[in-house]
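Each remark here refers to the structure printed beneath this line.
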Amino acid sequence: MSVVLNGKEIAASIIENIKKQTEKLQEKPTLAIILVGHNEASRIYVRNKCSAAQKAGLQAELLEFEENVSAKTLKEKIQSLNLDSHIHGIIIQLPLPAHLPTQELLETVDPLKDVDGFHPLNAGLLQNNNPAAFAPATARGVMTLLRETGVELEGKNALVIGRSQIVGKPVAQMLLNKNCTVTIAHSKTQNLPALVQNADIVVAACGRPKMVKASWLKKGAIVMDVGINRVENKLTGDVDFEPAKEVASFITPVPGGVGPMTVAMLLQNTLEAYLKQKNS
């Protein structure tokens, strides 16, 4: 029977710690959130971020745009936020409508304010294990939960299922930086169960409900479930949780695992962005 890691409690503790630090500052670190269109899931995520920012003593400024906004308008707004000394972090809520050049817009954000960690400069710094890098919040959340287990990561076989810029690639890089032996699996990977069977750490971030079966897992593996899938109006992860928790040593639930950690790490990145900008 595994230890179920309570991401909600750990995230609340991190937010409380951020609040203690922000209370000592002369101004509130401020996060600008760009939201385009009326995607209901995006609106829920943004509400959660704004609410958590308030609890952490940070300021969140929500900038809303209609679905048909032009890339030019968004670029101009991002550039003005880059130059605004009262804005310390900038995020663009994804996904954007299909007509917008997502990567181009992400690259318009000043790397020093890129608290989502999506700018190529931050990705490069992360690859070089440079502490100046802003790591994407979900990947940083996974690493924080792994630290909570107290297990030494060095030398462990880690399998990351998924190769997105948001989770798969950065978390694989962060595990590599901790001296794990890292394998990245994806939709074209053959014989996935055998790879899972060999892994001491499994990070499932593929967006396929209950894909990872308990029978695939190595006894005592640490399982980080990043998936958020809606099935019959219920949220479920990429791991078949109930049987998997009988095999794993540590496992994250969905909801209440990695999700709350993502928001907490975004706020941690915003605080660190503020401190870097004030000290530069």
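May I ask you to verify whether A71 is over 22 Å from the mean Cα position of the chain (by Cα), small (G, A, S) and surrounded by 14 or more Cβ atoms within 10 Å (Cβ to Cβ)? Please lay out each step first, then the result.
Details: over 22 Å from the mean Cα position of the chain (by Cα): yes; small (G, A, S): yes; surrounded by 14 or more Cβ atoms within 10 Å (Cβ to Cβ): yes.
Criteria met by A71.
Quick one: which helices (runs of 4 or more DSSP H) sit completely within the stretch 26-127 and have at least 2 residues that are without any contact (Cβ under 8 Å) to a residue 24 or more places away in the chain and among the aliphatic types (A, V, I, L, M)? Full working, then the answer.
Numbers: elements: 40-55, 71-83, 102-106, 120-127.
Of the helices (runs of 4 or more DSSP H) lying wholly inside the stretch 26-127, those with at least 2 residues that are without any contact (Cβ under 8 Å) to a residue 24 or more places away in the chain and among the aliphatic types (A, V, I, L, M) span 40-55, 120-127.
Looking at I90, I78 in this structure, which one is among the aliphatic types (A, V, I, L, M), crowded, with 23+ Cβ neighbours inside 10 Å and under 24 Å from R47 (Cα atoms)? Give the derivation first.
On the way: I78 fails: crowded, with 23+ Cβ neighbours inside 10 Å.
I90 is the lone residue from the list that is among the aliphatic types (A, V, I, L, M), crowded, with 23+ Cβ neighbours inside 10 Å and under 24 Å from R47 (Cα atoms).
Being farther than 19 Å from E154 by Cα, touching a residue at least 24 places away in the same chain (Cβ under 8 Å) and surrounded by 21 or more Cβ atoms within 10 Å (Cβ to Cβ) is the requirement here; does A199 meet it? Walk me through how you get there before you give the answer.
Numbers: farther than 19 Å from E154 by Cα: no; touching a residue at least 24 places away in the same chain (Cβ under 8 Å): yes; surrounded by 21 or more Cβ atoms within 10 Å (Cβ to Cβ): yes.
Against the criterion (farther than 19 Å from E154 by Cα, touching a residue at least 24 places away in the same chain (Cβ under 8 Å) and surrounded by 21 or more Cβ atoms within 10 Å (Cβ to Cβ)), A199 does not qualify.
Only residues that are in contact with a Phe, Trp or Tyr (Cβ under 9 Å, 6 or more places away or on another chain) and of a type in the set (A, V, I, L, M, F, W, C): list them for the stretch 1-41, please.
Of everything in the stretch 1-41, those that are in contact with a Phe, Trp or Tyr (Cβ under 9 Å, 6 or more places away or on another chain) and of a type in the set (A, V, I, L, M, F, W, C) turn out to be V3, V4, L5, L25, I34, L35, V36.
Of the residues that make up the stretch 156-177, is at least one assigned to a loop (DSSP other than H, G, I, E, B), modelled with pLDDT of 95 or more and crowded, with 23+ Cβ neighbours inside 10 Å?
Yes, the stretch 156-177 contains a residue that is assigned to a loop (DSSP other than H, G, I, E, B), modelled with pLDDT of 95 or more and crowded, with 23+ Cβ neighbours inside 10 Å.
Filter the stretch 178-188 down to the residues that are surrounded by 15 or more Cβ atoms within 10 Å (Cβ to Cβ) and not in a strand (DSSP E or B) and list them by number.
Across the stretch 178-188, the qualifying residues are K178, C180.
Report yes if some residue within the stretch 44-58 is modelled with pLDDT under 95 and either in contact with a Pro (Cβ under 7 Å, 6 or more places away or on another chain) or of a type in the set (D, E) (or both); otherwise report no.
No: zero hits.
Yes/no per residue for (1) within 26 Å of Q26 (Cα to Cα); (2) under 19 Å from the mean Cα position of the chain (by Cα); (3) not small (G, A, S):
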site	(1), (2), (3)
E246	no, no, yes
S249	no, no, no
T252	no, yes, yes
P255	no, yes, yes
M261	no, yes, yes
A264	yes, yes, no
Q268	yes, yes, yes
A273	yes, yes, no
S280	yes, no, no
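Which one is surrounded by the most Cβ atoms within 10 Å (Cβ to Cβ) among residues in the stretch 1-23 that are at pLDDT 95 or above and part of a loop (DSSP other than H, G, I, E, B)? Talk me through it step by step, then tell me what you get.
First, pick out the residues of the stretch 1-23 that are at pLDDT 95 or above: 3-23.
Imposing the further condition that a residue be part of a loop (DSSP other than H, G, I, E, B) reduces the set to 5-6, 23.
Working: L5: 24, N6: 16, E23: 9.
Here the answer is L5.
The values are calculated or read from the model by the stated rules, or taken from the named source; none is laboratory data. Note that the coordinates shown come from a computational prediction; the quantities given were computed from them, not determined experimentally. All Cβ positions, even for glycine, are placed from backbone atoms using ideal geometry, and neighbour counts span all protein chains on display.
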